[in-house]
Amino acid sequence: MRHWLFPLLLGVILAFVGYHVALAQFPRVLMSLATHRIAKGAGYNAMFAAPLATDKARAIVRPSPDLAYSSCPFDLSKGPVLVDVEPVPAPYWSLSVFDARTDVAYVRNNIDAGNQPIRIAIAQAGQPVPDGMTAVRVTGTTGIALLRILAPDRAQFAAIDAARKKSSCKALS
């Protein structure tokens, strides 16, 4: 029985390490890769309006061809990031903020917002945010703010595209 004690203990240790890597670190690694990939569009703390998805588009896993995506990969290492979303003439649009672990920190759609602008400050705990801004607290220093807009008719996309490009994302200076 004693000769099984070391392999059993080693198995428990390896199971714990595997659990930690798979469940605790894997989401963080995936989000880091996604954030860096999306930041190639316009950089960090800047809103990037991606073209409509096609069957070749893969910046976002399985993008919907009916949605127009604008994204802001953010970096809070130097302070909060302000996100301003202007209403869009579309039947549905939403803003979601994902933190470094892929957790959703904030979601608001056009109905929740009453078709009014959404103005948030993404910040870590302890970072000050301007008065009048909705504070969205996240874990980690990086993440993605994602604006999704339903564009069911491609003939209306020009108006939707012009309106979504009025939205912005910038570091608080």
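The values are calculated or read from the model by the stated rules, or taken from the named source; none is laboratory data. Because the structure is a prediction, the values reported are computed rather than measured. In this analysis, Cβ positions are derived from the backbone assuming ideal geometry, glycine residues included, and neighbour counts consider all displayed protein chains.
Of the conditions (1) closer than 20 Å to CYS169 by Cα; (2) of a type outside the set (D, E, K, R); (3) at pLDDT below 95, TRP93 satisfies every one except a single condition; which number is it?
(3)
On the given criteria, is ARG164 under 14 Å from the mean Cα position of the chain (by Cα), surrounded by 15 or more Cβ atoms within 10 Å (Cβ to Cβ) and among the charged types (D, E, K, R)?
Working: under 14 Å from the mean Cα position of the chain (by Cα): no; surrounded by 15 or more Cβ atoms within 10 Å (Cβ to Cβ): yes; among the charged types (D, E, K, R): yes.
No: the conditions fail for ARG164.
Grab the strands (runs of 3 or more DSSP E) fully contained in region 97-153, keeping just those with 2 or more residues being closer than 24 Å to LEU52 by Cα.
Values: elements: 104-109, 118-123, 134-137, 142-150.
Passing ranges, in order: 104-109, 142-150.
Which one of SER77, SER64, SER94, SER70 is under 30 Å from PRO130 (Cβ atoms), polar (S, T, N, Q) and surrounded by fewer than 16 Cβ atoms within 10 Å (Cβ to Cβ)?
Working: SER64 fails: under 30 Å from PRO130 (Cβ atoms); SER94 fails: surrounded by fewer than 16 Cβ atoms within 10 Å (Cβ to Cβ); SER70 fails: surrounded by fewer than 16 Cβ atoms within 10 Å (Cβ to Cβ).
Criteria check complete, one pass: SER77.
Somewhere in region 149-157, is a residue within 22 Å of VAL29 (Cα to Cα) and buried (at least 17 other Cβ atoms within 10 Å of the Cβ)? Let's see the steps before the verdict.
Residues of region 149-157 that are within 22 Å of VAL29 (Cα to Cα), as a first pass: none.
Checking region 149-157: not a single residue is within 22 Å of VAL29 (Cα to Cα) and buried (at least 17 other Cβ atoms within 10 Å of the Cβ).
Condition check: more than 16 Å from ASP75 (Cβ to Cβ) and either without any contact (Cβ under 8 Å) to a residue 60 or more places away in the chain or of a type in the set (S, T, N, Q) (or both). Does ALA113 satisfy that?
Values: more than 16 Å from ASP75 (Cβ to Cβ): yes; either without any contact (Cβ under 8 Å) to a residue 60 or more places away in the chain or of a type in the set (S, T, N, Q) (or both): yes.
Judged against the criteria, ALA113 is a match.
Residues in region 81-95: is at least one of a type in the set (Phe, Trp, Tyr), closer than 18 Å to LEU33 by Cα and either out of contact with any Pro (no Cβ under 8 Å at 6 or more places or on another chain) or touching a residue at least 60 places away in the same chain (Cβ under 8 Å) (or both)? Give the derivation first.
First, pick out the residues of region 81-95 that are of a type in the set (Phe, Trp, Tyr): 92-93.
Now narrow it down to the ones that are closer than 18 Å to LEU33 by Cα: none.
No: region 81-95 contains no residue that is of a type in the set (Phe, Trp, Tyr), closer than 18 Å to LEU33 by Cα and either out of contact with any Pro (no Cβ under 8 Å at 6 or more places or on another chain) or touching a residue at least 60 places away in the same chain (Cβ under 8 Å) (or both).
Okay, residues lined up against (1) among the polar types (S, T, N, Q); (2) closer than 30 Å to VAL21 by Cβ:
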{"residue": "LEU52", "(1), (2)": "no, no"}
{"residue": "LEU76", "(1), (2)": "no, yes"}
{"residue": "PRO91", "(1), (2)": "no, no"}
{"residue": "ARG101", "(1), (2)": "no, yes"}
{"residue": "GLN124", "(1), (2)": "yes, yes"}
{"residue": "PRO130", "(1), (2)": "no, no"}
{"residue": "THR141", "(1), (2)": "yes, yes"}
{"residue": "PRO152", "(1), (2)": "no, no"}
{"residue": "GLN156", "(1), (2)": "yes, no"}
